[in-house]
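Undergrad: Dropping a structure here in structure tokens format, bear with me for questions.
Each value in this text was obtained by applying a stated rule to the coordinates, not by laboratory testing. Because the structure is predicted, anything quoted here is derived from the model rather than measured. Cβ placement follows ideal geometry from the backbone for every residue including glycine, while neighbour counts extend to all protein chains displayed.
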Amino acid sequence: MKELFMNKPDNTYTVIIAVLLTVFMLLPSLLTANTSGQDILLLYSNDVKGETAPCG
Amino acid sequence: MGGLSKKAFQFEKLIDQEKIPALILDSGSLLFKNTELSIKQTEQEQVTAFGIVKSYNRIGYNAVGIAREDLIAGLDFLKKISEASDFPWISANLVDTNTKSPIFQPNVLISKGSITVGVTALTAADLFVGFKEEDHATILPWREALPGVVEELRQKADLIILLSNLPVKDNRTITELYPEIDIILQAGVNSGNQPPQLFNDTLICQTGKQGKQIGIMKINWQNTPWGTDKEGQLDKNKKSLDRINWQLSKYEKYKDPLVVLQDNPARLAIYKDLVFRQKKLEEEINKLSVQIARSTPDKTPSTYTNRFMAMETSLPDHKDVTAIVDQLNEELNRIGKKQISRNENGTSPYIGSENCAVCHEYQSTSWKKSRHARAYETLANSNQQFNLDCLPCHVTGSGDLDMGDAVNLSKSFQAVGCENCHGPGRRHAQMPAAVSLPAQIPAATCLKCHTDDRDDNFDFAEDVRKLNCLPI
């Protein structure tokens, strides 16, 4: 295992570390993705009854 | 209070602040003031309807339900309105008489974030006789139209919203029969704001009328029923039942309380009420127990917060929608002016406040300081002096006169004058001793204009005192 890593070029380690960091950073949001639900803003009205603006 | 431009401004601001997907819905009774078109103002009312649609397009409404009140100008007119709308007009039960297929869209699916919202609508059928024979249209009872639509939406949508023009009791029955419907937004019920109330698994709510209020509901949708404290409610109900059972135990000494208490109607009424409440609570407890047993505690419930916002006159206006409303008012003024000039005629039982002042100087001086004296001026300042919808409450004697008389005669008619309260004065001016006018006026006279819709703060006693028209 040690030999395997020792023989890799320098940028391989950078890539591995970057991937691991990314996974750890995304982990909390991936774990909670199913429970956070969808937020929606429902704006509603009814019975406007032809009213556009007050008279005067 | 009220106004499309204020609503538009607030909606835009809220969407910008919250930064979550927004859904804008109107459950209907949108286009017309009354339950039938006024003969004199048909053109004005139809032009107004198109102005509202133009504003709703700009606001970005996602759907509007068809209420029976939206059909009073005829089916063809609503079809034209629908063509001019960027949003669908929805009704699941307004159908073709022959084919029984819906004339407008029965429902709409709207993607918001990661979920699909299904919106359908029901039009009230009672008291509506507005279709022509060639319309081939009818309004089906909701029990016939709703099952198919709910079944379709259940398969395609995560969250189902019903825009309902039906009476409250029908909406509550729907919550019992169709737990798949998550929210019912009411219209045509003619009451004020109703915050969301949970009936079975469905929230029912509505805003007050005439666009004076908007409803703002922030939803966290988990594809699960709304979260409520069912265990707490069950516990409360059980304690109430214990108390009622204890009270009823006092009646156990009678073999048959209904017979024994016949001579004591007061106690009999109490006994009957206790038995009724006992039965209701037992039903509630059974229902809640079943709901709790069925619920899956590991699932996060869907939640919401709701508030209403009054469209106060002090709130800012939306620039684009203000332009649409201003353009509409100009058009209404133009139509009104044309109509007024057609209706011109000469004689009038009214003489105007300037003539009243000849004898009633004190009252006239006091009146000149009042807002009544400037009522027409405020209308003219907002360029609505020919708007026949506004005019009757801003001129003298509107109830008995053609608008042409009110506007084209003396300038002293261009105000809410003495005769609006005390009645036409010509005969009194000619024969003051023989013809008297009432000095005291009933509240009903004021309430013709100072309605709840137009003037929430009207206080008859206080406002009459402020007018300071002392009796002669």
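Undergrad: Can you sort B:11, A:24, B:458 so the residue with the fewest Cβ neighbours within 10 Å comes first?
TA: Listing B:11, A:24, B:458 from fewest to most nearby Cβ atoms yields A:24, B:458, B:11.
Undergrad: Using just the helices of chain B, give the 222 nm mean residue ellipticity in deg cm²/dmol: DSSP H runs with n ≥ 4 each add -39,500 (n - 2.57), and the total is spread over all residues, rounded to 500.
TA: Rounded to the nearest 500, it is -12500 deg cm²/dmol.
Undergrad: For residue B:411, list the aspartates and glutamates whose Cα falls under 19 Å from its own Cα; do not include residues on the same chain fewer than 8 positions away.
TA: Within reach: B:344, B:354, B:361, B:377, B:400, B:402, B:419.
Undergrad: Follow-up. May I ask for the equivalent-ellipsoid semi-axes of the range B:346-467, computed as the square root of five times each C-alpha gyration tensor eigenvalue and listed largest first in whole Å?
TA: 21, 19, 13
Undergrad: With N residues in the range B:230-294, what two-decimal value do you get for its Cα radius of gyration over 2.2 N^0.38 Å?
TA: 1.34
Undergrad: Rounded to two decimals, what is Rg over Rh for the range B:180-332 when you use alpha-carbon atoms and the Kirkwood radius?
TA: 1.20
Undergrad: Could you list, in their original order, any pairs among B:209/B:448; B:156/B:280; B:7/B:299; A:49/B:448; B:6/B:100 whose Cα atoms are separated by more than 29 Å?
TA: B:156/B:280; B:7/B:299; B:6/B:100
Undergrad: Still on this structure, I have one more. Suppose we keep just the alpha-carbon trace of chain B; what are its Rg and Dmax in angstrom?
TA: Using the Cα atoms of chain B, the pair Rg, Dmax is 28.3, 86 Å.
Undergrad: Under the definition of Cα pairs under 8 Å and six or more residues apart, what whole-number percent is the relative contact order of chain B?
TA: 13 percent
Undergrad: Mind sorting B:305, B:48, B:97 by how few other Cβ atoms lie within 10 Å of their own Cβ, fewest first?
TA: B:305, B:97, B:48
Undergrad: Sticking with this structure for a sec: Let me make sure I get this right: for the range B:1-137, a, b and c are the square roots of the gyration tensor eigenvalues over alpha carbons, sorted descending. Under 1.5 in a/c it's rounded, otherwise prolate if a/b > b/c, else oblate. Which is it?
TA: Note, shape of the range B:1-137 comes out oblate.
Undergrad: Counting C-alpha atoms alone, how compact is the range B:98-226: give Rg to one decimal and Dmax as a whole number, in angstrom.
TA: Over the range B:98-226's Cα set, Rg and Dmax evaluate to 15.3, 47 Å.
Undergrad: Using the Cα centre as the reference, give the magnitude of the dipole from point charges on the C-beta atoms of chain B (Lys, Arg: +1; Asp, Glu: -1; all else neutral), rounded to the nearest 20 debye.
TA: Result for chain B is approximately 1080 debye, rounded to the nearest 20.
Undergrad: Okay, next question. Which order do B:389, B:182, B:86, B:256 fall in if you start with the one that has the fewest other Cβ atoms within 10 Å?
TA: Final ranking by Cβ density, sparse to dense: B:256, B:86, B:389, B:182.
Undergrad: Moving on to the next point. Apply the Karplus curve 6.51 cos²θ - 1.76 cosθ + 1.60, θ = phi - 60°, to the phi angles in the range B:158-170 and return the couplings in whole Hz, x for Gly and Pro.
TA: After applying 6.51 cos²θ - 1.76 cosθ + 1.60, I find 8, 10, 10, 10, 10, 8, 10, 9, 7, x, 4, 5, 5 Hz.
Undergrad: Please report the relative contact order for the range B:59-211, taking Cα pairs under 8 Å with a sequence separation of at least 6, and give it as a percent rounded to a whole number.
TA: Normalised by residue count, the contact order of the range B:59-211 is 20 percent.
Undergrad: In square nanometres, what is one fourth of the surface area of the convex hull spanned by the alpha carbons of the protein assembly as shown?
TA: 41.9 nm²
Undergrad: Determine the dipole magnitude for the range B:346-467: charges of +1 sit on the beta-carbon of Lys and Arg, -1 on that of Asp and Glu, nothing else is charged, the reference point is the Cα centre, and the result goes in debye to the nearest 20.
TA: 440 debye
Undergrad: Determine the dipole magnitude for the protein assembly as shown: charges of +1 sit on the beta-carbon of Lys and Arg, -1 on that of Asp and Glu, nothing else is charged, the reference point is the Cα centre, and the result goes in debye to the nearest 20.
TA: Around 1100 debye, computed over the protein assembly as shown.
Undergrad: Under a straight-distance cross-link criterion of Cα-Cα below 14 Å, which aspartates and glutamates are reachable from residue B:132, leaving out those fewer than 8 residues away in the same chain?
TA: Straight-line reach from residue B:132, under 14 Å: B:76, B:96.
Undergrad: Please tell me the relative contact order of the range B:346-467 in percent, rounded to the nearest whole number, where contacts are Cα pairs under 8 Å and at least six residues apart.
TA: Normalised by residue count, the contact order of the range B:346-467 is 27 percent.
Undergrad: Continuing with the same structure: Counting only the backbone N, which residues of the range B:39-73 are under 17 Å from the spot 7 Å out from the Cα of residue B:131 toward its beta-carbon?
TA: Within reach of a label on residue B:131, which here means backbone N under 17 Å from a point 7 Å along Cα→Cβ, the range B:39-73 contributes B:66-73.
Undergrad: Return the aspartates and glutamates within reach of residue B:287: Cα separation strictly under 16 angstrom, same-chain partners fewer than 8 residues apart disregarded; answer none if there are no such residues.
TA: B:176, B:201, B:229, B:231, B:235
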